[in-house]
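Student: First the structure, which I've put down as structure tokens, then a few questions once you've had a look.
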Amino acid sequence: MSLTLEQVRRVAHLARIEISDAEAESTLGHLNDIFALIEEMQAVDTQGIEPMAHAQNLAQRLRADQVVVTDQMARRNAFQAIAPETEAGLYLVPKVIE
């Protein structure tokens, strides 16, 4: 598959991209190179090859999934101790919208 110069201009128009004649020619060459590479890759026989998630056979090191219970009340109190104003566990802020 290869594109024509008119197709490149049409795609640029649909994308609302202003493109000069020189840019259209350059883009046409780049896109046709990409399509040629895709055709070359599609020609490779992949029968019997198992799909891979990654090009290298890597495994992630994961930490153990453990529930950690922390004292959330103590953390909240520590944060609110440095806040300008709090009331009933809430931060008080100036009224901005009337």
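The values are calculated or read from the model by the stated rules, or taken from the named source; none is laboratory data. Quick caveat, the model's predicted, so the values are computed rather than measured. Please note: Cβ atoms are built from the backbone with ideal geometry, for glycine as well, and neighbour counts cover all protein chains shown.
Student: ARG63: outside any strand (DSSP E or B), surrounded by fewer than 10 Cβ atoms within 10 Å (Cβ to Cβ), among the charged types (D, E, K, R) and at pLDDT below 95, yes or no?
Tutor: On the way: outside any strand (DSSP E or B): yes; surrounded by fewer than 10 Cβ atoms within 10 Å (Cβ to Cβ): yes; among the charged types (D, E, K, R): yes; at pLDDT below 95: yes.
Yes, satisfied.
Student: Check ALA53 against each of (1) in a loop (DSSP other than H, G, I, E, B); (2) loosely packed, with under 11 Cβ neighbours inside 10 Å; (3) modelled with pLDDT of 90 or more; (4) of a type in the set (A, V, I, L, M, F, W, C) and name the one condition it does not meet.
Tutor: (3)
Student: Where the second residue is of a type in the set (S, T, N, Q) and assigned to a helix (DSSP H, G or I) and the first is free of Cβ contacts under 8 Å to residues at least 12 places away in the same chain and more than 27 Å from SER2 (Cβ to Cβ) and lies in segment 34-56, which pairs have Cβ atoms under 9 Å and are six or more apart or on separate chains?
Tutor: If the second residue must be of a type in the set (S, T, N, Q) and assigned to a helix (DSSP H, G or I), no pairs are left.
Student: Is it fair to say GLU40 is among the acidic types (Asp, Glu) and surrounded by 10 or more Cβ atoms within 10 Å (Cβ to Cβ)? Even if it seems obvious, please write down each step before you answer.
Tutor: Details: among the acidic types (Asp, Glu): yes; surrounded by 10 or more Cβ atoms within 10 Å (Cβ to Cβ): no.
It is false that GLU40 is among the acidic types (Asp, Glu) and surrounded by 10 or more Cβ atoms within 10 Å (Cβ to Cβ).
Student: Something else now. For ILE19, are the conditions met, namely being among the β-branched types (Val, Ile, Thr), in contact with a helix residue (DSSP H, G or I) (Cβ under 8 Å, 6 or more places away or on another chain) and either outside any helix (DSSP H, G or I) or in contact (Cβ under 8 Å) with a residue 12 or more places away in the chain (or both)? Show your work before the answer.
Tutor: Details: among the β-branched types (Val, Ile, Thr): yes; in contact with a helix residue (DSSP H, G or I) (Cβ under 8 Å, 6 or more places away or on another chain): yes; either outside any helix (DSSP H, G or I) or in contact (Cβ under 8 Å) with a residue 12 or more places away in the chain (or both): yes.
So ILE19 fits the description; yes.
Student: Could I ask something else about it? Tell me, which residue of segment 26-50 that is of a type in the set (Val, Ile, Thr) and in a loop (DSSP other than H, G, I, E, B) is nearest to ALA12 (Cα to Cα)? Talk me through it step by step, then tell me what you get.
Tutor: To start, the set of residues in segment 26-50 that are of a type in the set (Val, Ile, Thr) comprises 27, 34, 38, 44, 46, 49.
With the extra rule that they be in a loop (DSSP other than H, G, I, E, B), the set shrinks to 44, 46, 49.
Working: VAL44: 32, THR46: 35, ILE49: 38 Å.
Top of the filtered list is VAL44.
Student: Could we say that LEU90 is aliphatic (A, V, I, L, M), under 30 Å from MET1 (Cβ atoms) and at pLDDT 90 or above here?
Tutor: Details: aliphatic (A, V, I, L, M): yes; under 30 Å from MET1 (Cβ atoms): no; at pLDDT 90 or above: yes.
No; evaluated as a whole, the condition is false for this residue.
Student: Checking the condition free of Cβ contacts under 8 Å to residues at least 60 places away in the same chain and touching a Phe, Trp or Tyr at 6+ places or on another chain (Cβ under 7 Å), which residue from SER26, SER2 passes?
Tutor: Working: SER26 fails: touching a Phe, Trp or Tyr at 6+ places or on another chain (Cβ under 7 Å).
It is SER2.
Student: Right, next: Taking the conditions exactly as written (closer than 30 Å to LEU90 by Cα, charged (D, E, K, R) and without any contact (Cβ under 8 Å) to a residue 12 or more places away in the chain), does ARG10 satisfy them or not?
Tutor: Numbers: closer than 30 Å to LEU90 by Cα: no; charged (D, E, K, R): yes; without any contact (Cβ under 8 Å) to a residue 12 or more places away in the chain: yes.
Criteria not met by ARG10.
Student: Right, next: Give the residue that is surrounded by the most Cβ atoms within 10 Å (Cβ to Cβ), with candidates limited to residues of segment 66-85 that are charged (D, E, K, R) and part of a helix (DSSP H, G or I). Can you show your working first?
Tutor: Keep residues of segment 66-85 that are charged (D, E, K, R), which gives 71, 75-76, 85.
Okay, now just the ones that are also part of a helix (DSSP H, G or I), so 75-76.
On the way: ARG75: 10, ARG76: 12.
Among those that are charged (D, E, K, R) and part of a helix (DSSP H, G or I), it is ARG76.
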